[in-house]
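Novice: Take a look at this one; I'll ask things after.
The values are calculated or read from the model by the stated rules, or taken from the named source; none is laboratory data. Small disclaimer: the values here were computed from a predicted structure and weren't measured. Neighbour counts are summed over all protein chains in view; Cβ atoms, including those assigned to glycine, are modelled from backbone coordinates with ideal geometry. SASA here: full protein model, heavy atoms, side chains in, ligands and nucleic acids out. Shrake-Rupley method; radii C 1.70, N 1.55, O 1.52, S 1.80 Å.
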Amino acid sequence: LPRVYDAGSSAVRCNEGGSSIELMICISIFLLMVSVSSASLPAAGWLRTDYEAGRIQSELRLCRELCKGQYFNADPRFRDKQMAPEMKLYVDGDGLRLCQGIRVIRRYKVPERMVMRSSRSIIQFGWDGATQGTTAAISLQDGRTVRYIIVDSAGRIRVSDAPPEGG
């Protein structure tokens, strides 16, 4: 309620609070400060790169488990794929292709503006889950952010900020 002060013959009203114009000015100043501060923050490219690296890691783990034969009986999509050792994962700049012979079973495409490079063009897992060959490193780059998906000879798959030793 407004307070009324008696200042002699006339009553003076004192309004507590601000007008809508003052509120709009405060909001515009706040928005200006937020826009200036957000322009100086680094881009969230690392978040997108981490997400895509995690997806590639999941695809590699699925490939490893398929080659070990663990999903053949559990998933009806893979019951007819009994020749697991023939499964190979092809890695190129466009993405990943899991193939059984010449038939593509799964495909992963790298998003636009991301660059993917690999130290090996073919990754193949054995029945025990180990890779056939040396360590493979897949680098995923979005702007200045780089993540490495590393598959060692024992079949372990991890995502790292640093390149693998020796490469």
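Novice: What is the number of the single condition among (1) among the basic types (Lys, Arg); (2) farther than 18 Å from Ser58 by Cα; (3) out of contact with any Asp or Glu (no Cβ under 7 Å at 6 or more places or on another chain) that Arg107 does not meet?
Specialist: (2)
Novice: While we're looking at this one, here's another question. Residues of the range 123-149 being over 19 Å from Cys99 (Cα atoms) and open to solvent by less than 10 Å² (accessible area, probe 1.4 Å), which ones?
Specialist: Leu140, Ile149 - these are the residues of the range 123-149 that are over 19 Å from Cys99 (Cα atoms) and open to solvent by less than 10 Å² (accessible area, probe 1.4 Å).
Residues checked against (1) in contact with a strand residue (DSSP E or B) (Cβ under 7 Å, 6 or more places away or on another chain); (2) open to solvent by less than 90 Å² (accessible area, probe 1.4 Å); (3) modelled with pLDDT under 85; (4) closer than 30 Å to Pro111 by Cα:
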residue	(1), (2), (3), (4)
Ala7	no, yes, yes, no
Asn15	no, no, yes, no
Gly18	no, yes, yes, no
Met24	no, no, no, no
Phe30	no, no, no, no
Ser40	no, no, yes, yes
Trp46	yes, no, yes, yes
Tyr51	no, no, no, yes
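Novice: What pairs come up if the first residue lies in the range 106-131 and is free of Cβ contacts under 8 Å to residues at least 24 places away in the same chain, the second is among the acidic types (Asp, Glu), and their beta carbons are under 7 Å apart, counting only those six or more places apart or on different chains?
Specialist: Going by the 7 Å Cβ cut-off, the qualifying pairs are Lys109/Asp94.
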